[in-house]
Amino acid sequence: MKDPRATAAGRTAKRQTALAIHAALDCFARSGARADCVLLACFGDPGLDALREVAAVPVIGLIEAAVAEGARHGARYSIVTGGALWRDMLREALQARGLEAGLASILTVAPTGAEIAADPEGALALLAQACARAIGEDGAQTVILGGAGLVGLARRLEELTGVPVVCSIEAGARAAFAALAEGPGGGASGASQGVAAPVESAGLSAALADLLAQSRPAR
């Protein structure tokens, strides 16, 4: 029998992911016209594939960037993040990207990402314990800190635990700069070749409706 609390948490995560996908697309529609690269700065990469369909520039996801950077320290990695709500969602995202083969574990601490951002000192010991557990118990060779709320803590956690720790935001930023350095076509960009038929829509912002109605090159 399923735990009703787990089921409710799963519904909440899916609902928030759906909202985040719409928000990411709407933000790009409103502000992305002059962008040379897009960094989707939400660990979970909501809307990554949709953005790559409509953007003609590189679109960088935090999960992909962080796992790629973590792989330089070893084949197996663990993710440490705030809020148990996101564990299953992150596992699904990794599976969708074909990145779960090297996953040792996903560990969460009680404070959410927003709570950690508001009081990083208060969460530091919990995060250090999770990092040490990932290496000592789960066999991870590197730890990825997932989420913008944990930005700035990677180096401190490395000093406390002695294990390689990757900040997802920093990894994403480095991947974005690398894509920009490659010039047009660098990184994981929106699509090419052929023309997609315009898609009619209702109830969207004018900017997003216009973006989706345009004919776009398709992969």
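The values are calculated or read from the model by the stated rules, or taken from the named source; none is laboratory data. Model, not experiment: these values are computed from the prediction. Counting neighbours? That spans all protein chains shown, and the Cβs are built from the backbone with ideal geometry, glycine included.
None of ALA41, ALA35 is under 20 Å from ILE21 (Cα atoms), surrounded by fewer than 19 Cβ atoms within 10 Å (Cβ to Cβ) and within 12 Å of the chain's Cα centre (by Cα) except ALA41. Applying the criterion of at least 2 residues that are modelled with pLDDT under 90 and β-branched (Val, Ile, Thr) to the strands (runs of 3 or more DSSP E) found wholly in the range 33-139 leaves an empty list. Taken over the range 28-44, the criterion of being out of contact with any helix residue (DSSP H, G or I) (no Cβ under 7 Å at 6 or more places or on another chain) and of a type in the set (A, V, I, L, M, F, W, C) is satisfied by ALA33, ALA35. Screening VAL166 with (1) in contact (Cβ under 8 Å) with a residue 60 or more places away in the chain; (2) in contact with a Pro (Cβ under 9 Å, 6 or more places away or on another chain); (3) not small (Gly, Ala, Ser) gives one miss only, at (2). Scan the range 10-24 and tell me whether some residue there is farther than 20 Å from LEU99 by Cα and at pLDDT 90 or above. Within the range 10-24, not a single residue is farther than 20 Å from LEU99 by Cα and at pLDDT 90 or above. Listed by first and then second residue, the pairs with beta-carbon distance under 7 Å, at least 6 apart or on different chains, first residue in the range 119-133 and of a type outside the set (Val, Ile, Thr), second crowded, with 20+ Cβ neighbours inside 10 Å and in a helix (DSSP H, G or I), are ALA123/ILE116; LEU127/LEU157; ALA128/LEU157; ALA128/THR161; CYS131/LEU157; CYS131/THR161; ALA132/THR161. Filtered by the rule that a residue be at pLDDT 95 or above and among the hydrophobic types (A, V, I, L, M, F, W, C), the range 141-150 gives VAL143, ILE144, LEU145, LEU150. Residues of the range 140-161 that are part of a strand (DSSP E or B) and under 16 Å from GLY83 (Cβ atoms): ILE144, LEU145, GLY146. Scanning the range 171-191 turns up no residue that is of a type in the set (D, E, K, R), modelled with pLDDT of 95 or more, farther than 22 Å from LEU39 by Cα and in a helix (DSSP H, G or I). Could you grab the pairs with beta carbons closer than 7 Å, sequence gap of 6+ or different chains, first residue in the range 22-37 and free of Cβ contacts under 8 Å to residues at least 12 places away in the same chain, second one in a helix (DSSP H, G or I) and surrounded by 15 or more Cβ atoms within 10 Å (Cβ to Cβ)? Within 7 Å, no pair qualifies.
Does the range 159-167 include one or more residues that are charged (D, E, K, R) and surrounded by fewer than 17 Cβ atoms within 10 Å (Cβ to Cβ)?
Within the range 159-167, the first condition is being charged (D, E, K, R), and the residues that meet it are 159.
The next check asks that each one be surrounded by fewer than 17 Cβ atoms within 10 Å (Cβ to Cβ); those that pass are 159.
Yes, the conditions are met somewhere in the range 159-167.
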